[in-house]
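No value in this document is a laboratory result; all are computed from the given coordinates. Please read all numbers here as calculations on a predicted model, not as lab measurements. FYI the Cβ positions are ideal-geometry reconstructions off the backbone, even for glycines, and counts take in every protein chain you see.
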Amino acid sequence: MNRIKQNMLALLIILGVVLFFLVFSRARTSAIVQLSEISKDSIVVINSLGEKTMVRVPSKIDTSTLNEQTYYLVSYSSSFFQRNRFDKIEKSH
């Protein structure tokens, strides 16, 4: 009986660690992209392979100055439970 409790405790600890990394780990992506759809709260970007990604825009970024015909260097982060979110965007030279 004591052995079963130890195994259950070990399993719960491992499960807790895995869930912690799923929730709090963030992947960061940086790429030169072209913008496809621009709205006030989200932008669809197209990378060099033609893949489209929708990225949520924080309120500190003014999307009215962005142009769909221009290439931008973007940096955005994502996690398992959250949508992609812009960290930085600047015009590519």
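Quick rundown of the values:
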quantity	calculated
Dipole in debye (nearest 20) - the chain, about Cα centre, beta carbon charges: Lys, Arg +1; Asp, Glu -1	520
Rh by Kirkwood over Cα pairs, then Stokes-Einstein D for segment 16-60 at 0.692 mPa s and 37 °C, µm²/s	263
Calculated FRET value between L9 and D87, using beta carbons and R₀ = 22 Å, to 0.05	0.05
Nearby aspartates and glutamates by direct alpha-carbon distance to K91 (threshold 14 angstrom, same-chain neighbours under 8 apart not counted)	D62, E68
Loop sites in the chain: GluC sites (Glu not before Pro), DSSP, at most 16 other Cβ within 10 Å	E51, E68
Value at 222 nm in deg cm²/dmol, rounded to 500, when DSSP H runs of n ≥ 4 in the chain each add -39,500 (n - 2.57)	-8500 deg cm²/dmol
Spin-label model distance (nm) - R28 vs N67, 7 Å beyond Cα toward Cβ	2.9
Full-extension gain in nm, V44 to S79, via 0.36 nm per residue minus C-alpha separation	10.8 nm
In degrees, nearest ten, helix 2-24 long axis to first principal axis of the chain (Cα)	10
Residues Y71, Y76 arranged by fewest to most Cβ contacts within 10 Å	Y71, Y76
Over the chain, relative contact order from alpha-carbon pairs under 8 Å, at least 6 apart, %	28
Alpha carbon Rg of the chain, scaled by the compact-globule rule 2.2 N^0.38 Å	1.59
Proxy reagent accessibility, fewest Cβ within 10 Å first, across I43, I38	I38, I43
Loop-located trypsin sites (Lys or Arg not before Pro) in segment 23-93, at most 16 other Cβ atoms within 10 Å (DSSP)	K40, K60, R83
